[in-house]
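Below is one structure, written out as structure tokens; comments come after it.
The values are calculated or read from the model by the stated rules, or taken from the named source; none is laboratory data. Predicted model, so just to flag it, every value in this text is computed and none were measured. Glycine also receives a Cβ, built like all others from the backbone with ideal geometry; neighbour counts cover every protein chain displayed. Calculation scope for accessible area: heavy atoms of the full protein, side chains included, ligands and nucleic acids excluded. Shrake-Rupley method; radii C 1.70, N 1.55, O 1.52, S 1.80 Å.
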Amino acid sequence: MCVLLKHIVFLLFVQSAFCQVQVEMNAPSNIKSITFKGPTEDQFPIIKIGEPIYLEFDDLMANEQDYYYKILHCDYDWTPSDLLKSQFLNGVDNQRIINYSNSYNTLETYSNYQLTIPNENVRLKVTGNYVLEIYNNNYELQFSRRFIVYKNLVTVGGTVKRPRDFEFLNEKQVVQLSINSGNFRLVNPKKEVKIAILQNYYWPTALYNIPPQFTLGNELVYKYDLETSFFGGNEYLLFDTSDLRAPSSQIGRIDLIDIYNHYLFSDGFRNDEPYTYFPDVNGDFVVRTLQGDNDSREAEYTKVHFSLPYTDILALDDVHIFGKYNNYALTDENKMTYNEDNGMMEATIKLKQGFYNYKYAVKGENNNIRLNDVGGDFHFTENNYLILVYYRDFGDIYDSIIGVGSANSRTITN
């Protein structure tokens, strides 16, 4: 009886571990500048089945360590699907990344690694949610990233509206959408179809489990207000270190101490100021250098210095530099500290040369993250919205993705 009970407990433990939601694991401090994207410039890895997907990262230890990759298929809720590897992969994963090289003529040495999928070893067979995991030669997980594979089987249309709730009239944006199934047969769409909506490709604020309000012929219509609303936020701040020795409207001073140091002009609070539009890339970054021909191998790493006046808005909460450069993680490295001498919150982050978007995020009690306390919320803000359409027919054992759509708040209407 005891042996049977132990087996049951073990099976329950394995099942629980296997069914865990696959969140993205952030890299250790020696791994920097992770870019992961499809054929477009946006660093959000979403591809049609058969298209290539690209991963690139640097290892500052520069010892040509071996790294390996694994691919995991997930369902709509990001728990591992019931598919066997052979059912979603042609070939085998768990292969070593063989395309790597060392930095050239840089003050900071590093090894640059590049991976393309599909490759001669592996190819994806089905659509859906995927996770790419990178391991070191001790088979320790270094970091993981989600990516999306889809087919265009339905047509997705989306628009951005101002909310009808007067409390958030000037702060929120509402995404309304429709799905036209065309020749794709939907028998019970309320059970077969699910959607996810992402603002600026940021998973933690994505909206899920929203059923269609009604159907109109072959069209599923989602004309919600509160259920599909997002806070607008504000345009991201930016700086450009592509030219190591050139100050700019964002960079006030440059020093060379072992490596280059770029001191940004101090930022201010925009939460109580009128909205001002200026172009951004919605939190993204682009590695580039004017001191060499190869951005991957010849771009320098520099120390970028940030500062923000301390006010009572921040209280004793943690303030972090927030952006795609580290996958929006709030870590000790990008946490600001208070300087008693000048009354400023300050942070210094080592970043590869390039163009960067960032803003200030506040983390309070119970890890409550407030993205817009410093920048404010405005319905005018330019945001991009991605709509994913998932499908599971009766008898299917995984969630496929049958369509994607997008909407941008530049065309927001009442």
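Remarks
- Taken together, the residues in segment 263-291 that are open to solvent by less than 20 Å² (accessible area, probe 1.4 Å), in a loop (DSSP other than H, G, I, E, B) and either on the phi < 0 side of the Ramachandran plot or among the β-branched types (Val, Ile, Thr) (or both) amount to 1.
- Any hit, segment 292-314, residues being in contact with a strand residue (DSSP E or B) (Cβ under 6 Å, 6 or more places away or on another chain), open to solvent by 30 Å² or more (accessible area, probe 1.4 Å) and within 22 Å of residue 145 (Cα to Cα): no
- Residues that are part of a loop (DSSP other than H, G, I, E, B) and within 18 Å of the chain's Cα centre (by Cα) within segment 230-247 comprise 232, 233, 234, 235, 236, listed in sequence order.
- Restricting attention to segment 132-153, the residues that are closer than 20 Å to residue 46 by Cβ and open to solvent by 10 Å² or more (accessible area, probe 1.4 Å) add up to 7.
- Filtered residue count, segment 184-220, keeping only those that are crowded, with 16+ Cβ neighbours inside 10 Å, part of a strand (DSSP E or B) and aliphatic (A, V, I, L, M): 7
- Residue that is least open to solvent (accessible area, probe 1.4 Å) [pool: residues in segment 386-414 that are part of a loop (DSSP other than H, G, I, E, B) and among the β-branched types (Val, Ile, Thr)]: 412
- Taken over segment 364-385, the criterion of being more than 23 Å from residue 208 (Cβ to Cβ) and either open to solvent by 40 Å² or more (accessible area, probe 1.4 Å) or not in a loop (DSSP other than H, G, I, E, B) (or both) is satisfied by 365, 373, 380.
- Residue in segment 34-47 that is surrounded by fewer than 16 Cβ atoms within 10 Å (Cβ to Cβ) and closer than 22 Å to residue 349 by Cβ present: no
- In segment 226-252, the residues that are at pLDDT 95 or above, within 25 Å of residue 60 (Cβ to Cβ) and open to solvent by 20 Å² or more (accessible area, probe 1.4 Å): 238, 240
- Residue selected from segment 253-262 under the condition in a strand (DSSP E or B) and in contact (Cβ under 8 Å) with a residue 40 or more places away in the chain, by the criterion surrounded by the most Cβ atoms within 10 Å (Cβ to Cβ): 262
- Any pair with Cβ under 8 angstrom, 6 or more apart, that starts in segment 150-167 at a residue that is outside any helix (DSSP H, G or I) and ends at one that is basic (Lys, Arg) and open to solvent by 30 Å² or more (accessible area, probe 1.4 Å): 150/48; 151/48; 152/48
- Considering segment 333-363, and only residues there that are open to solvent by less than 30 Å² (accessible area, probe 1.4 Å) and assigned to a loop (DSSP other than H, G, I, E, B), the residue that is nearest to residue 260 (Cα to Cα) turns out to be 353.
- Meets criteria (under 19 Å from residue 35 (Cα atoms) and crowded, with 19+ Cβ neighbours inside 10 Å) for residue 181: no
- In this entry, residue 114 is excluded by the filter for residues that are open to solvent by less than 30 Å² (accessible area, probe 1.4 Å), part of a strand (DSSP E or B) and not hydrophobic (A, V, I, L, M, F, W, C).
- Of the residues making up segment 86-98, one or more are out of contact with any Ser or Thr (no Cβ under 7 Å at 6 or more places or on another chain), under 21 Å from residue 49 (Cβ atoms) and part of a loop (DSSP other than H, G, I, E, B).
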